[in-house]
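Structure first, commentary second.
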Amino acid sequence: MLCQSPAFDITRKRCDAVLSGLEGVVANAAKAHAVSWKTLFDEYLKSKIPVTGGEGVPFDKERDYHHYIAGKPVYEGVASFLESRGIDLPHGSPNDPPSAETICGLGNRKSQLFAKHLETLGVEVDATTIEFFQLLKDNGFRTAVVSFDGSCQAVLKAAGIEDLFDVRVDCVISEQSGLEGDPGTDLFLEAARQLDVSPERAFVLAVAVPGVQAGRRGKFGAVLGVNGSGHAVALKEKGADVVVKTLLELTVEGKRPLCVNTVKDLPSALSSLDEIKKKIAGKRLFVALDYDGTLTPIVEHPDLAVLSEEMRGAVAALATHCTVAVVSGRDRKNVETLVGIDGLSYAGSHGFDISGPAGRLISAEQGTRSLPVLDSAEKSIRAYLDRFEGVLVERKKFSIAVHYRKVEKNRKQEVEAAVDRVLSEHAGLRKGSGKKVFQLQPEIDWHKGKALCWLMDALDLDRPDVLPLYMGDDVTDEDAFRVLQDGGISVLVKGEDAEETPPHSAARYALDDCRQVREFLVDLTELLQGGPK
């Protein structure tokens, strides 16, 4: 998925907060909603009128939903649909039980059904959406999610994205607050009030016409339509200042949300050699490789991760045609010994410790001041975890790795609790994670992405005529993938265990395993030699 050109920039010069609709912008629980509405109305209609035609026609998940339900508060949606069938019910009270034959009773019944279906049908969240709202928060914008439905909290919790928003306002809060007037507009205005932001200093994101209209009536600074439903013209006509297909068309203070891809949809680097060849044309190539899980398979004990002679040969051959570096979570000296190829650059401890070709030290060792606290934390973590069979505590110079691959599954939480306890007792450290491992590292703004940039700068490779390529398999490699999104090649190695492969990645290409890595490095060498591939 390639990033598109930005269509609109969200900047602090005009805006202090972004208020977003839920469904279609932040998360997609459309399947659970559609099934819930159909179940509700089909059961109700069947109880009132035999489903034989006329007014008894079952609820249509496409036509009826978009005409009478989409973008409206739940009780208003109930009333709108029933009116279309000539059914008039008393409004009732939000406290009505789901069995009550009132507008509110049916609305509460729908919410009850939705909670049930949410468990089985789940919530879809695009990884780029998370990146977008995190980018807003990182740049000091306040955020709110606004929903015309009463299930907003349940959706956010099911998707695991509650922390993305400072404020949540839905129809439940609307009823509790006694808001009057236009329901949609009042929800957005209430969100702005809770954020202590004036409407003209807040932007609204909406996917449906009622949301766009609510934002326009509320006189917000800008109303941005997200054309997820294919109604771009209608969104523009009803007041959207700009309509985008995806959040990738928006920038925040000039910064674009990252193109995060679904791993299963990533194209194979082997099948994309022609495309990669075009990118390399006229450039000097710089290749940076992770070690564990990339050059060697993931194994039960770190000492067993031995580089094969075939892989060593492939890396050495490539290094005769371009600059090659190995960037690893291992100690630098350890990975230098394991790889055993002269003339490479090595970055150990996730980039805290870097050396150049022929052993020339080109980096101040990041994190040196954290060594005493790491020493203390190591003693504590060993004491806490001594009773756990299968735990391996591996001390590296600038980090502590707690491997739990051989620990019983039901005890993983206990291991993590012990790690968290040590973390709380030792200021200046942070917790990272990877494939069956927790990491305690110095709390310094430093990672593999910054190490990659530092290494390129130190080697005088941060130049327009140089194309960097990074290959890795773990969460810690994502920082390097992100760095290369605007000008490089990134390859995720998925590995043999599908459960350990993250569902989303900032990488552009993928390979299945180390065998394919070696094949790709050989093909890459042939490309640089001007061979047939």
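The values are calculated or read from the model by the stated rules, or taken from the named source; none is laboratory data. Being a predicted model, the structure only gives us computed values, none of them experimental. Methodologically, a virtual Cβ is constructed for each residue, glycine included, from the backbone with ideal geometry; neighbour enumeration extends over all protein chains shown.
Results for (1) modelled with pLDDT of 85 or more; (2) in contact with a helix residue (DSSP H, G or I) (Cβ under 7 Å, 6 or more places away or on another chain), shown as yes or no for each residue.
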site	(1), (2)
Ser36	yes, yes
Gly54	no, no
Asp60	yes, no
Ala100	yes, no
Gly107	yes, yes
Thr120	no, no
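Can you name every residue in region 405-425 that is in contact with a Ser or Thr (Cβ under 8 Å, 6 or more places away or on another chain) and either closer than 27 Å to Tyr291 by Cβ or surrounded by 18 or more Cβ atoms within 10 Å (Cβ to Cβ) (or both)?
Hit for region 405-425 is Val422, nothing else.
Can you give me the number of residues within region 456-488 that are farther than 21 Å from Lys431 by Cα and either in contact with a Leu (Cβ under 8 Å, 6 or more places away or on another chain) or in a loop (DSSP other than H, G, I, E, B) (or both)? Outline the logic, then answer.
At the first step, the residues of region 456-488 found to be farther than 21 Å from Lys431 by Cα are 456-471, 483-488.
Of the ones still in play, those that are also either in contact with a Leu (Cβ under 8 Å, 6 or more places away or on another chain) or in a loop (DSSP other than H, G, I, E, B) (or both) are 459-471, 483-488.
The number of residues fulfilling the criteria is 19.
If the Cβ limit is 8 Å and pairs must be 6+ apart or interchain, which residue in region 79-94 that is not assigned by TED's automatic domain parsing to the domain that holds Asp170 and among the small types (Gly, Ala, Ser) pairs with which residue that is part of a loop (DSSP other than H, G, I, E, B) and surrounded by fewer than 17 Cβ atoms within 10 Å (Cβ to Cβ)?
Ala79/His91
If the requirement is being of a type in the set (D, E, K, R) and either touching a strand residue (DSSP E or B) at 6+ places or on another chain (Cβ under 9 Å) or without any contact (Cβ under 8 Å) to a residue 60 or more places away in the chain (or both), which of these qualifies: Lys61, Lys72? Lay out the reasoning, then the answer.
On the way: Lys72 fails: either touching a strand residue (DSSP E or B) at 6+ places or on another chain (Cβ under 9 Å) or without any contact (Cβ under 8 Å) to a residue 60 or more places away in the chain (or both).
One residue alone meets the criteria, Lys61.
Filter region 267-285 down to the residues that are closer than 20 Å to Val324 by Cβ, assigned to a loop (DSSP other than H, G, I, E, B) and modelled with pLDDT of 95 or more and list them by number.
Listed by number, the residues that qualify are Ala269, Leu270.
Conditions tested, residue by residue: (1) in contact with an Asp or Glu (Cβ under 7 Å, 6 or more places away or on another chain); (2) assigned by TED's automatic domain parsing to the domain that holds Lys283; (3) modelled with pLDDT of 85 or more; (4) surrounded by fewer than 18 Cβ atoms within 10 Å (Cβ to Cβ).
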{"position": "Ala319", "(1), (2), (3), (4)": "no, yes, yes, no"}
{"position": "Lys333", "(1), (2), (3), (4)": "no, yes, yes, yes"}
{"position": "Gly343", "(1), (2), (3), (4)": "no, yes, yes, yes"}
{"position": "Arg360", "(1), (2), (3), (4)": "no, yes, no, yes"}
{"position": "Pro372", "(1), (2), (3), (4)": "no, no, yes, yes"}
{"position": "Arg395", "(1), (2), (3), (4)": "yes, no, yes, yes"}
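Find the residue count for region 166-195, including only residues that are modelled with pLDDT under 55 and acidic (Asp, Glu).
Of the residues in region 166-195, 2 are modelled with pLDDT under 55 and acidic (Asp, Glu).
How do the strands (runs of 3 or more DSSP E) wholly within region 375-441 filter down when requiring 1 or more residues that are under 25 Å from Asn334 (Cβ atoms) and among the charged types (D, E, K, R): which remain? Please lay out each step first, then the result.
On the way: elements: 392-396, 399-403, 429-434.
Fully inside region 375-441 and qualifying: 392-396, 429-434.
Quick one: is Asp462 more than 22 Å from the chain's Cα centre (by Cα), closer than 25 Å to Ser399 by Cα and surrounded by fewer than 20 Cβ atoms within 10 Å (Cβ to Cβ)?
Details: more than 22 Å from the chain's Cα centre (by Cα): yes; closer than 25 Å to Ser399 by Cα: no; surrounded by fewer than 20 Cβ atoms within 10 Å (Cβ to Cβ): yes.
Taking the combined requirement at face value, the residue does not satisfy it.
Kindly indicate whether Leu289 is surrounded by 22 or more Cβ atoms within 10 Å (Cβ to Cβ) and either without any contact (Cβ under 8 Å) to a residue 60 or more places away in the chain or out of contact with any Gly (no Cβ under 7 Å at 6 or more places or on another chain) (or both). Show your work before the answer.
On the way: surrounded by 22 or more Cβ atoms within 10 Å (Cβ to Cβ): yes; either without any contact (Cβ under 8 Å) to a residue 60 or more places away in the chain or out of contact with any Gly (no Cβ under 7 Å at 6 or more places or on another chain) (or both): yes.
Considered against the rule, which asks whether it is surrounded by 22 or more Cβ atoms within 10 Å (Cβ to Cβ) and either without any contact (Cβ under 8 Å) to a residue 60 or more places away in the chain or out of contact with any Gly (no Cβ under 7 Å at 6 or more places or on another chain) (or both), Leu289 comes out as yes.
What is the number of the single condition among (1) crowded, with 21+ Cβ neighbours inside 10 Å; (2) out of contact with any His (no Cβ under 6 Å at 6 or more places or on another chain); (3) in contact (Cβ under 8 Å) with a residue 24 or more places away in the chain that Val223 does not meet?
If we test Val223 against (1) crowded, with 21+ Cβ neighbours inside 10 Å; (2) out of contact with any His (no Cβ under 6 Å at 6 or more places or on another chain); (3) in contact (Cβ under 8 Å) with a residue 24 or more places away in the chain, just (3) comes out false.
Since Val315 meets every condition but one in (1) buried (at least 21 other Cβ atoms within 10 Å of the Cβ); (2) more than 22 Å from Lys494 (Cβ to Cβ); (3) at pLDDT 90 or above, which condition does it not meet?
Exception for Val315: condition (2).
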